[in-house]
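Here is the structure we will look at, set down as structure tokens.
The values are calculated or read from the model by the stated rules, or taken from the named source; none is laboratory data. Here the structure is a predicted model, which means the values were calculated and not measured. Cβ placement follows ideal geometry from the backbone for every residue including glycine, while neighbour counts extend to all protein chains displayed. Heavy atoms of the whole protein, side chains included, go into the accessibility calculation; ligands, DNA and RNA do not. Shrake-Rupley method; radii C 1.70, N 1.55, O 1.52, S 1.80 Å.
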Amino acid sequence: DVCSSDLLLKEVADAMLISPEMRHAAKDIKQFVADYHFLTDNQIQTTDDLAVTIDETKAKIAELEEKRSKADNKKRRASTPEDKEKYKALHKEITQEITPLRKKLKQAEDILDKSPHLYERLQKEHQAEMKKIRTIQRSR
């Protein structure tokens with residue numbers, strides 16, 4: 001549950017984390033919750049959805065970088081200081097659009113890199129649960 005994980009995060013943040021293991025565990029929890037929010041906010045449910053998001057984000061970044069490059073070229077060729085300032089402002093505006101996309105891309109790629117390991121762990125958990133259920137059913 002997201003609410004309980006947020007409360008847990010608050011408690012972890014409020015606690016005095018003395019040992020390196022506890023600080024690492026708190027960092028892992030925060031990252032897990034951030035990844036969860038990223039996936040839900042972007043309506044990503046499978047690794048295929050994640051791969052599509054990565055591809056789309058890369059395409060948007062490439063498009064914006066091309067626009068920014070053209071603005072730089074126009075700034076270099078501008079004859080008046082007003083034109084130079086106009087293209088400098090355009091460059092800055094485009095950079096402000098690119099920055100969150102790069103963060104999104106990095107987070108998506110990090111999640112995708114972790115996903116095979118998480119999938120394997122989930123499979124093991126599922127198998128253990130099924131084994132436990134079968135054991136309970138046999139004992140009846």
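Worth a mention:
- Across the range 33-52, the number of residues qualifying as open to solvent by 80 Å² or more (accessible area, probe 1.4 Å) and either more than 13 Å from the chain's Cα centre (by Cα) or in contact (Cβ under 8 Å) with a residue 24 or more places away in the chain (or both) comes to 3.
- Gln96 open to solvent by 90 Å² or more (accessible area, probe 1.4 Å), of a type outside the set (Val, Ile, Thr), farther than 27 Å from Ala59 by Cβ and free of Cβ contacts under 8 Å to residues at least 40 places away in the same chain: no
- Members of the range 78-87 that are in a helix (DSSP H, G or I) and surrounded by fewer than 10 Cβ atoms within 10 Å (Cβ to Cβ): Pro81, Glu82
- Tabulated pairs, the range 59-73, first in contact (Cβ under 8 Å) with a residue 24 or more places away in the chain, second open to solvent by 70 Å² or more (accessible area, probe 1.4 Å) and assigned to a helix (DSSP H, G or I), C-beta under 6 angstrom, 6+ apart or interchain: Leu64/Glu97
- One residue alone among Lys104, Lys75, Lys27, Lys67 is at pLDDT 85 or above, open to solvent by 90 Å² or more (accessible area, probe 1.4 Å) and in a helix (DSSP H, G or I), and that residue is Lys67.
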